[in-house]
Amino acid sequence: MARLLARRAQLAAARGVSGLKRLLRHHALPPAPRRRCFGSGSKAEDRGQVTPLLKHLTFKIKSTGPITVAEYMREALTNPVEGYYMHHDMLGEKGDFITSPEISQIFGELIGIWYVSEWIATGKPKTLQLVELGPGRGTLTDDILRVFNQLGSLLSKCDISIHLVEVSPKLSEIQALTLTGENIQSELDIAAPVYMKGISKTGIPIFWYQQLQDVPQGTSFYLAHEFFDALPIHKFQRTEQGWREVLIDIDPKVPDQLRFVLAPSATPASEYFIQDQETRDHVEICPDAGIIIQRLTDRIQEDGGAALIADYGHNGNKTDTFRSFRNHKLHDVLIAPGTADLTADVDFSYLRTMTQGRVATLGPIKQQEFLKNMGIDVRLQVLLRNISDTAMREQLLQGYDMLMNPKKMGDRFNFFGLLPHQRLTHSDQKVSLQHSKSLSTPVAGFGELVWK
């Protein structure tokens with residue numbers, strides 16, 4: 001049964017999920033309260049909203065019994081007909097959340113510099129595949145492409161291509177407009193791994209895929225910004241009888257509402273996923289994330305390159321982080337599924353474990369530290385010197401504050417890197433470090449980048 005569960009997780013991860021993640025949610029909110037898994041918190045009028053997806057889920061529960069939180073998240077976010085990500089543009093002020101690239105161009109520019117820095121450090125390979133998981137509106141990739149264009153003389157002999165893993169038809173349309181300026185028609189061959197392709201405004205080929213494994217092998221540099229926190233999680237609670245999985249059932253007192261319940265006995269997930277040394281009483285585990293990390297590890301080990309992951313997260317010390325956002329505000333996770341974003345903090349210690357030591361891991365470090373190491377202060381001063389418009393200067397300063405302020409995004413988001421061991425050391429000793437101070441070859445962002 002455990003093998004069956006693992007196989008189901010593999011199939012789910014293969015489909016991917018849009019990484020359009022959710023930065024602070026537009027306003028400088030205080031730290032998100034951790035609502036317990038048995039709590040609630042929506043307005044009365046929201047509780048009466050019976051969405052098509054809620055009807056679908058209640059029918060499923062009546063037919064087969066309570067469902068896992070992972071199944072609930074997968075249905076609510078990526079159901080082909082009613083899934084939240086599938087047919088909506090949820091980013092920006094008019095949406096439900098906003099991400100760092102939408103706040104300031106500096107963020108994307110520094111990420112672009114990181115990839116150029118790593119490309120140089122790996123010996124300037126003749127090909128560079130930039131692979132982004134869940135590219136949102138395409139804003140981050142667009143900023144990176146601008147950096148590549150500005151450094152055209154340095155990259156002139158490199159064959160660059162962009163590969164986007166995106167399951168949302170709506171967002172892929174927006175990405176195409178952002179990156180190419182055109183409406184692009186989908187590929188007619190439904191058996192082909194590429195479902196859409198185009199040429200960027202700077203002449204670089206772009207390809208769209210449903211899943212990571214469809215991206216061609218080769219020297220690739222991977223980007224996952226607010227991607228992993230949208231992947232489905234399983235939730236577990238320690239009890240006197242042992243670990244029990246948290247499930248979702250119909251509230252017997254209110255037929256059109258859902259509630260959290262504990263499984264009456266051990267489930268395959270609680271038997272398979274909980275580590276013997278676990279000390280917490282409540283745990284969230286994302287097997288899909290582990291599978292994707294293993295795929296990235298395989299590729300980096302075989303072909304070189306690197307992966308940069310930026311997300312909400314922790315280092316294996318948090319418990320209940322499952323939450324929902326709608327209209328830039330916290331929303332009850334069980335109310336009106338399909339109309340709000342669902343997210344859970346990424347456990348970076350779990351990602352590190354899933355690499356099995358086959359690649360080097362760096363971080364997690366706070367966004368504030370990473371961007372400072374990348375030279376955000378230098379870049380800000382350069383932009384301010386060249387802008388005389390008062391409103392634009394104020395916008396730049398506000399964006400900088402949102403990205404760097406520890407009470408806003410500075411401490412909420414973390415950066416985590418995967419690199420080949422040989423990138424960091426000339427010995428055969430494997431490396432897994434929190435910081436890069438002891439590295440023989442420093443890595444930009446995880447150590448200070450010297451601007452010249």
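Each value in this text was obtained by applying a stated rule to the coordinates, not by laboratory testing. Since the structure is predicted, the reported quantities are computational estimates derived from the model, not experimental observations. Cβ atoms come from the backbone with ideal geometry, glycine included; neighbour counts cover every protein chain shown.
Quick look at the values:
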item: Other-chain or far-sequence residues with amide H under 5 Å of residue 127's (modelled H); result: 159
item: Two-site label geometry, residue 259 and residue 280: point separation in nm, points 7 Å out along Cα→Cβ; result: 2.6
item: Cross-link table 55/407; 124/197; 235/329; 157/201, entries beyond 30 Å C-alpha to C-alpha; result: 55/407
item: ³J(HN,Hα) computed for each position of the range 413-424 - Karplus, 6.51 cos²θ - 1.76 cosθ + 1.60, integer Hz, glycine/proline x; result: 10, 10, 10, 9, x, 10, 9, x, 4, 5, 5, 9
item: Loop sites in the range 124-194: GluC sites (Glu not before Pro), DSSP, at most 14 other Cβ within 10 Å; result: 182
item: Charge tally in the Cβ shell below 9 Å around residue 263, where Lys, Arg are +1 and Asp, Glu are -1, residue 263 excluded; result: 0
item: Cα-based shape type of the range 279-419, given that a ≥ b ≥ c are square roots of the gyration tensor eigenvalues and the cut on a/c is 1.5; result: oblate
item: Neighbour-count order for 131, 81, 215, fewest beta carbons within 10 angstrom listed first; result: 81, 215, 131
item: Segment residue 173-residue 87, length gained on full extension (0.36 nm per residue, minus Cα span); result: 29.9 nm
item: Whole-Å distance, taken between Cα centres, linking the range 282-337 and the range 227-247; result: 14
item: Rh by Kirkwood over Cα pairs, then Stokes-Einstein D for the range 202-339 at 1.306 mPa s and 10 °C, µm²/s; result: 88
